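**Q** The following block contains the structure, expressed as structure tokens.
Rule-based calculations on the coordinates, nothing more; no lab input. Here the structure is a predicted model, which is why all the values come from computation and not from measurement. Neighbour counts are summed over all protein chains in view; Cβ atoms, including those assigned to glycine, are modelled from backbone coordinates with ideal geometry.
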Amino acid sequence: MSDADMYEAVSVLRDEVLDTVEHGDRDPPGAEVFDAVLRALNAGGESVPGLDLTLHDAISRRLAWGDREDVVLQDAEVVFDRLMLAVERAFRDLDDQMVVVESATLVAVTVARVVSRAAVDRASHERAARLREEMAQGKLKEVLERQKATIARLEGELRAAAYRG
Amino acid sequence: MKIRIAGDTNVGKVRENNEDSLIVDIERGLYVVLDGMGGANAGDIASQTARDAILQYVAHRRGQMEPKALLTAAIQSGSAAVFGAAQAVRERHGMGTTCVGMLVDGEKVTVGHVGDSRAYLLREGRLLQLTKDHTIVEELVGRGLLAPEDAERHPYKNVLSRNLGARPEARVDITEVVLEPGDRMMICSDGLYGYAQIDAIQYVLGSGDAPADVARELIELALRGGGGDNVTVIVLETPAQPVSSTVVVRTNGAIAWWQRRARFLQLCKDGGLTRNPIVSGLESSEALELIGLSVCQAIFHDLEKSTGVNVWTFAQNLAAGWFERDGNWEALRSMMDIIANAARTVVDELRVLDSQLGFLLDVAVSRALVVAELALGGLLAERLRAIEADLITLHTANVPRVDLSEPRPRLTPMPRLTPNPRSTPTAEKIAAMPPITAEPEEETRPGAEQTMVEPPMSEPSGFIDRPTIPFLRPEREVSGSHESDEVMLAVDKTITVAIARTAPKAENLRTVLSALQQLAGDVAGNFAAAVIAARDIYGIRTVDDVGIMPLFDALDHSRILVAAAVHQIQVPLPIRARALRALSRAHQRLVSAMTGLVLEACLPTAEKLREAQHVTTELRDQVAEAERRRADLERQIAIQTDQSLPWGSRGNTEW
């Protein structure tokens, strides 16, 4: 089967794999993964890891909109499992099956890589933010110490004045 | 490459005799157009003489000479023959002929010409003139002595600078063309391009009709343009790239289907769609639009592979809506049959018009209908599954536990099913139905023989502990299945090949491959095993790009190695495919587990950040509180020390 035919053959599994009925007309969860598999098939089934910028972009967007990394990963797992079943059922030609399976695995690894990288980046940002917080805390503690000293002095003066009065 | 070729000639509307000649020798791949000239019927003799000479020359030497040399020599032999014939008879002095010929050798075409007969190539919609007319005017234009725009009006525009017969030898211009799929070539006499617009020629040549039809249409074109000269045309065509059936269905098929939507709706109506209970209460036109047009559109979307409601979604929506209204299956079945029959009739009618398109549409529409049936099947399966789950709930709630330590009675009355508060309406209906095996009247009748059933052997869950319809629920865990020995052997072989290809220092990679080997055997997808394997590989590392990314590099590299290795092992294809599936599943589980570990490793940073932010907030609060306290103290001191302030102002000083 040519790349184009393979693309078409897998495209028709979209509703089944993504369970679009359940999710209406909106892009169902994991759609970015299915689309990435299609792109991988269209590109001949192989690409340099991480070069699927569209997948990167789609996952980043989901994360930016508040989806957690584990949710994104879970959706990818569901799509992978469903695709495996659908392909086994829908493709008679075993060679074609193998091509799709290879592409799906490629995408699964890429998704994991993107999610992990996002998590690591987030952790780095959080570490940097914590460092800033700790620096701010140091300065606040200094200010607090000075304030305490001032308050003690003022209280002494007030007591002295009361005594004099 | 299979080439189609056809030629035709016509005397035209003015001339009385046809001085043109042509050669269409498919066996030798020789195609020639000759346009004779000269008074006293000498023109046709010249062209025929040259034709015979060329044909004879090529017939004797085809295969012995290079095409270019052969065609040149053949045309020159024609010139010599015409010259000889002209010299032999006084009345024929000065006769001659033009000549344009093609010698086809596989995909290579050698074009040779003398005079103003032309060769054209139509490639990707563009018409190229391969030959340059050997006329005085063209020579003048070529030398820059005449402007191209003046050439058309020049009195000598038809006067040839070269022809066959003027001399024993002729200077032949040769051009070589390598044919590409979809190319069309044409050689013609000036009777065509002299009386037909070049745009019209291009249009006809590119029409896609068979070469014979094209040749005939081109001649008609020249005749409609006046037909002042003999016209001769030979058209050669190479087959176009076969258009994939998918593309045909997406384009022509989808359009043809949509154009016949009115017919489809009529057939649906005739089939009884508007009388179906599903659309009861709707006007006939509304019913047709709501159901008929929607399904027609859904099939169109499926054919065109465009976005929008497709057949699967349509069938699901239709059936789900109907079932929600407690509709029965027969009505839905009848509706689907009406739609299917109407669709098939439309396709059959299309098939009469275009058998190939009809065949492709038949396959595509049938597939769409099968998809609709699958959607219905899925929905029915869901309903069955729900009923089954309800039955399990009811059964579990009502069957008393049996103490195995006590002697088991041989027969026990089957308990009545009572509605479970959590059960669905379907379950309630089932519960309300009389029991199948026990009749209540007989149960209560004293002395009547009770219908007995065997009690469960151990506990209710032993009777049935899980739904038994696993399909369409891939997330449902299937336990207790393992890959066969054959597949595992193939997996082992694959991993062995893959490991053999790893570099000596690629420890990570070998560990990943070994983990894949272990995980591949478990079809059930035991995630715990994947997590353990992932932990082994993860080890201890920093949570940053430098620490984490090598893991994914190894996972990706192992994927590539496995994909390559699985094609190298010597096992039957089905086993190989199953081995790849097993390894891919294992791979997916392993990368998921690995990512889970990464996420887990990243979690503390968020927690620590939150703690730090909390501490900062507390410190800020303390600073603010201290600031308020300091200000208060300063105000008190100011009031006490500044006694000069008037009464009433004390305590109002703004600080």
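**Q** In the structure shown, do any of B:LYS68/B:LYS157; B:LYS132/B:LYS157; A:LYS148/B:LYS608; B:LYS2/B:LYS108; B:LYS108/B:LYS157 have a Cα-Cα gap over 23 Å, and if so which?
**A** Correct reply: B:LYS68/B:LYS157; A:LYS148/B:LYS608; B:LYS108/B:LYS157.
**Q** Loop-only trypsin sites (Lys or Arg not before Pro) in region B:58-150, please: DSSP not H, G, I, E or B, and at most 10 other Cβ atoms within 10 Å.
**A** Listed in order of number, the matching sites are B:ARG143.
**Q** Considering only A:ALA76, A:ALA36, A:ALA64, give the residue with the highest GNM mean-square fluctuation for chain A, with springs between Cα atoms whenever their separation is below 10 Å.
**A** A:ALA64
**Q** Can you give the Rg to Rh ratio of region B:264-324, both from alpha-carbon atoms, with Rh computed by the Kirkwood formula?
**A** 0.99
**Q** Something else about it: In region B:271-307, which GluC sites (Glu not before Pro) fall in coil by DSSP and have 15 or fewer other Cβ atoms within 10 Å?
**A** Here the sparse-neighbourhood loop sites are B:GLU283.
**Q** Sorted from fewest to most neighbouring beta carbons within 10 Å, what does the list B:VAL543, B:VAL591, A:VAL33, B:VAL497 look like?
**A** Fewest-to-most Cβ neighbours within 10 Å comes out as B:VAL497, B:VAL543, A:VAL33, B:VAL591.
**Q** Let me ask something else. Give the lysines reachable from B:LYS493 as a straight Cα distance under 22 Å; neighbours fewer than 8 places away on the same chain don't count.
**A** B:LYS505
**Q** May I pose another question? Starting at the first residue of region B:499-508, write each ³J(HN,Hα) from the Karplus equation 6.51 cos²θ - 1.76 cosθ + 1.60 with θ = phi - 60°, in whole Hz, x for Gly and Pro.
**A** So the Karplus estimates, Gly and Pro as x, are 5, 4, 8, 7, 6, x, 8, 7, 5, 3 Hz.
**Q** Specify which residue in the list B:LEU369, B:ALA315, B:VAL295 is farthest towards the positive end of the charge dipole of region B:252-386, using unit charges on the beta carbon of Lys, Arg (+1) and Asp, Glu (-1), about the Cα centre.
**A** Of the options given, the answer is B:LEU369.
**Q** Take peptides B:228-234, A:96-102, B:548-554 and line them up by average Cβ neighbours within 10 Å, highest first, as a rough protection proxy.
**A** For the peptides B:228-234, A:96-102, B:548-554, the packing ranking is B:228-234, A:96-102, B:548-554.
**Q** Same structure again: May I ask you to list the chymotrypsin sites (Phe, Trp or Tyr not before Pro) in region B:122-223 that are in a DSSP loop and have at most 16 other Cβ atoms within 10 Å of their Cβ?
**A** For chymotrypsin sites (Phe, Trp or Tyr not before Pro) across region B:122-223 that sit outside H, G, I, E and B with at most 16 neighbouring Cβ atoms in 10 Å, the list reads B:TYR156.
**Q** Related question: By counting other Cβ atoms within 10 Å of each Cβ, how are B:ILE219, B:ILE255, B:ILE575 ranked from fewest to most?
**A** So the residues, fewest neighbours to most, are B:ILE255, B:ILE575, B:ILE219.
**Q** Let me ask another. Pull up all non-local amide H partners of B:ASP173: gap of 5 or more, or a different chain, and H-to-H distance under 5 Å with H placed in the peptide plane.
**A** Those lying under 5 Å, H to H, from B:ASP173 are B:HIS113.
**Q** Under the 0.36 nm per residue contour assumption, what length would be gained going from the current alpha-carbon distance of B:ILE639 and B:GLN56 to full extension?
**A** Full extension from B:ILE639 to B:GLN56 adds 196.6 nm.
**Q** Another question about this same structure. In what order do B:TRP258, A:TRP65, B:TRP312, B:TRP329 fall by count of nearby beta-carbon atoms within 10 Å, going from fewest to most?
**A** With the sparsest Cβ surroundings first, the list reads A:TRP65, B:TRP329, B:TRP258, B:TRP312.
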